[in-house]
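Okay, so here's the structure we're looking at.
Rule-based calculations on the coordinates, nothing more; no lab input. Only a predicted model underlies this, so the values are computations on that prediction, with no experimental measurement involved. FYI the Cβ positions are ideal-geometry reconstructions off the backbone, even for glycines, and counts take in every protein chain you see.
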Amino acid sequence: MLDELELESHVRTLITDIMVVMYEHGIREVHIGGMMRMLGIDNDTAAAHDDEVVVLTDEFAKYVKQINEPRPHDQPLH
């Protein structure tokens, strides 16, 4: 069983992965209420976030590409 910190990390990764797929398919606005529903959050809770939107920009794509690129072993992580 995952502890709360591990679960949060997995959920963040899942959300990022979903947003990458959406970006790759030309979707540039992610409605948070809809995302919550896709993750199984109940409708009443998700509805409170229906007016929140995340815009997926080219900067988002660059960031995701950068964090997923392998680093040489002698390159610092900072």
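The table for this structure:
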read-out: Positive-end extreme of charge dipole, the chain - chosen from H31, L56, T13 (charges on Cβ); value: L56
read-out: Candidate values [x] 5.3; [y] 7.2; [z] 6.0, label of the one derived for mean projected area of the Cα convex hull in nm²; value: [y]
read-out: Dmax and Rg, reported as Rg then Dmax, of the stretch 13-54 (C-alpha, Å); value: 10.3, 30
read-out: Cβ charges +1 (Lys, Arg) and -1 (Asp, Glu), total dipole of the chain, debye; value: 360
read-out: Simple label model, 7 Å out from Cα along Cβ direction - V53 to T13, nm; value: 3.1
read-out: Tilt relative to the chain, helix 58-68 - C-alpha long axis, 0 to 90 degrees, to 10; value: 60
read-out: Whole-number percent relative contact order across the chain, with pairs defined as alpha carbons under 8 Å at least 6 apart; value: 28
read-out: Cα long-axis angle, helix 4-24 against the chain (0 to 90 degrees, to the nearest 10); value: 90
